[in-house]
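The values are calculated or read from the model by the stated rules, or taken from the named source; none is laboratory data. Predicted model only: the values in this text are computed from it and were never measured. Note: ideal-geometry Cβ built from the backbone for every residue, glycine included; neighbour counts use all protein chains shown.
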Amino acid sequence: MFKKILIANRGEIAVRVIRACKEMEIKTVTVFSEIDRKSLHVRLSDEAYFIGPPPSNQSYLVMEKLINVAEKSNAEAIHPGYGFLAENPQFAKLVEEKGLVFIGPPAKAIELLGDKMRARKTISESGVPIVPGMENMIASENDAISFAKEVGFPVLIKAAAGGGGKGMRIVESEKQMKEAIRGASFEAKSSFGDERIYIEKYLEKPRHIEFQILADKFGNIIHLGERECSIQRRHQKVIEESPSTVVDEDMRKRMGDAAIMAAKASGYVSAGTMEFLVDKDKNFYFLESNTRLQVEHPVTELVTGIDIVKEQLKIASGEKLSFKQEDVRWSGASIECRIYAEDPYNNFLPSAGIVSSYLEPSGPGIRVDSGLYEGCEVSLYYDPIISKLLTWGSTRNEAICRMKRALQEYHISGIATTIPFHLQVMDNKKFIKGDISTHFIQEEFGKKEITVDHDELYKVIALLCALTDFKEKKKIKTLKEKKFRESPWKIEGRRMGLRRFGF
Ligand code: MV4
């Protein structure tokens with residue numbers, strides 16, 4: 001096993017990897033940009049190295065800087081986390097060329113699965129169902145129209161180098177085709193430097209269900225079950241859960257086998273995810289693969305008890321998987337709410353600032369994977385995900401009830417967060433029934449503002465002011481005696497208590 005690794009990332013995922021390393025007695029090296037100098041991942045790691053100004057392309061994306069830190073610190077391996085260089089085959093190749101271990105899949109698997117058209121061809125040849133689509137890129141408008149007529153409108157134009165919805169265009173009819181091709185090709189070229197686009201049959205209101213894979217260097221591949229990821233906003237997952245309310249034992253077996261087949265066909269190693277679309281008749285189709293540790297991996301950890309990051313470290317160091325498919329046991333239900341520094345009352349605009357007070361929920365069945373602490377700075381330079389709140393329950397309903405409690409307890413002031421949005425989802429009748437699709441947010445929260453019960457709100461504010469004023473007067477009197485300023489959180493904490501009924 002490694003004695004020391006570099007974690008080439010920041011925020012909650014860097015903290016997550018550090019925690020796995022600490023439990024395996026692996027020393028950790030981290031990197032930080034100027035604005036991250038006081039970040040939690042820097043504080044928790046054994047060594048931390050400054051790598052430049054805040055912009056990612058001058059810090060976390062600069063391969064040479066990361067390699068230099070790894071060599072300078074005598075790290076044996078690099079964990080890329082997610083985002084940044086995690087799915088960059090050139091980085092994986094460079095790490096290996098420098099005699100270091102890339103904690104992830106081989107560069108060629110990243111390259112193959114990162115090209116949606118090559119991935120579809122390879123996966124389809126392995127016998128895994130894919131969405132009906134073109135085998136080659138669009139050569140002309142007529143080419144596209146004849147294919148669309150063959151499979152039937154609506155169709156979806158996608159970018160071969162795409163992902164996360166970039167370069168996608170839904171085409172409902174022949175007359176929309178020309179403009180859609182132009183737009184998709186332009187966006188593909190500008191986003192990925194690769195203008196190749198192709199067409200798939202558009203599945204109406206599918207579910208997005210993904211399977212977690214673990215594959216060692218000896219050809220052993222298992223799956224750890226599914227994650228329901230349909231609740232997305234602008235192709236960004238917002239809430240994930242396991243198990244999915246539509247996957248029964250038989251379907252889990254068939255989809256799990258397909259995920260393993262896809263991993264085998266692509267020469268996959270390490271933790272990875274095979275994404276599927278599931279239509280209203282429960283037919284599933286391979287969509288794309290994520291060749292990295294995913295944001296939502298803790299959902300699977302909670303229902304299986306398996307530490308996926310530790311398994312990645314073991315695989316990367318050359319160990320065989322220590323368990324077989326039949327050893328995997330699932331228990332209960334888990335839900336993850338991604339906490340973004342975004343304002344749900346202002347079209348989810350990013351929010352930045354100092355976290356002036358902070359309290360994490362805890363108690364039975366709660367897990368918080370966060371990079372936050374009181375006084376830390378949240379900036380606009382990086383992805384707005386600041387924390388992940390997860391719950392586990394013996395049933396889905398218990399997991400939902402715990403999530404409501406945890407969201408109510410989760411206190412973050414100084415920045416706007418998506419906590420109020422998640423609270424409304426947890427109360428949503430269709431969500432509670434498990435009746436969701438990739439159109440859930442659009443249908444349930446579309447143009448409607450997130451509702452605020454203003455009467456209730458005014459009552460609480462009035463009472464808070466009255467009581468706070470009274471307490472402050474009393475407090476200042478005692479504080480004067482004590483001659484010290486209590487942390488803003490302690491004062492806020494008492495106010496917090498006032499949010500419960502019956503104060
Ligand atoms: C699709 C699809 C329906 N039919 N492909 C591709 C990128 C990924 N993030 C979402 N993708 C989809 N591909 C076919 N043939 C539906 C999705 C999809 C989606 C599409 C539009 C808006 C939101 C979506 C959320 C999840 C999945």
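A few points about this structure:
- Cβ pairs under 8 Å, 6+ apart, first in segment 192-206 and over 17 Å from GLU443 (Cβ atoms) and in a helix (DSSP H, G or I), second charged (D, E, K, R) and more than 6 Å from the ligand (Cβ to nearest atom): PHE192/LYS166
- Residue that is surrounded by fewer than 16 Cβ atoms within 10 Å (Cβ to Cβ), more than 16 Å from the ligand (Cβ to nearest atom) and either more than 24 Å from TYR381 (Cβ to Cβ) or not assigned by TED's automatic domain parsing to the domain that holds CYS21 (or both), where the choices are ASP279, ASP257: ASP257
- Of all residues in segment 184-215, those satisfying the criterion of being more than 15 Å from the ligand (Cβ to nearest atom) and among the small types (Gly, Ala, Ser) are SER185, SER190, GLY193, ALA215.
- SER356 satisfies every condition listed in (1) within 28 Å of HIS235 (Cα to Cα); (2) in contact (Cβ under 8 Å) with a residue 24 or more places away in the chain; (3) of a type outside the set (Asp, Glu) except (1).
- Residues located in segment 131-184, provided they are without any contact (Cβ under 8 Å) to a residue 24 or more places away in the chain and of a type in the set (Gly, Ala, Ser): ALA139, SER140, SER146, SER173, ALA180, GLY183
- Residue within segment 399-406 that is out of contact with any Cys (no Cβ under 9 Å at 6 or more places or on another chain), over 25 Å from PRO206 (Cα atoms) and small (Gly, Ala, Ser) present: no
- Criterion applied to ILE354, ILE400 was being among the β-branched types (Val, Ile, Thr) and exposed (fewer than 15 other Cβ atoms within 10 Å of the Cβ), and the one residue passing it is ILE354.
- Lone unmet requirement of (1) touching a Leu at 6+ places or on another chain (Cβ under 6 Å); (2) not in a loop (DSSP other than H, G, I, E, B) for ALA109: (1)
- Residue within segment 187-199 that is of a type in the set (Lys, Arg) and touching a helix residue (DSSP H, G or I) at 6+ places or on another chain (Cβ under 8 Å) present: yes
- Total residues in segment 135-168, condition more than 11 Å from the ligand (Cβ to nearest atom) and either within 17 Å of ALA259 (Cα to Cα) or not hydroxyl-bearing (Ser, Thr, Tyr) (or both): 18
For (1) touching a Ser or Thr at 6+ places or on another chain (Cβ under 9 Å); (2) modelled with pLDDT of 95 or more; (3) part of a loop (DSSP other than H, G, I, E, B); (4) under 14 Å from MET274 (Cβ atoms), each residue gets a yes or a no:
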{"site": "GLU96", "(1), (2), (3), (4)": "no, yes, no, no"}
{"site": "GLY99", "(1), (2), (3), (4)": "no, yes, yes, no"}
{"site": "GLY104", "(1), (2), (3), (4)": "yes, yes, yes, no"}
{"site": "LEU113", "(1), (2), (3), (4)": "yes, yes, no, yes"}
{"site": "ALA119", "(1), (2), (3), (4)": "yes, yes, no, yes"}
{"site": "THR122", "(1), (2), (3), (4)": "yes, yes, no, yes"}
{"site": "VAL128", "(1), (2), (3), (4)": "no, yes, yes, yes"}
{"site": "ASN136", "(1), (2), (3), (4)": "no, no, yes, no"}
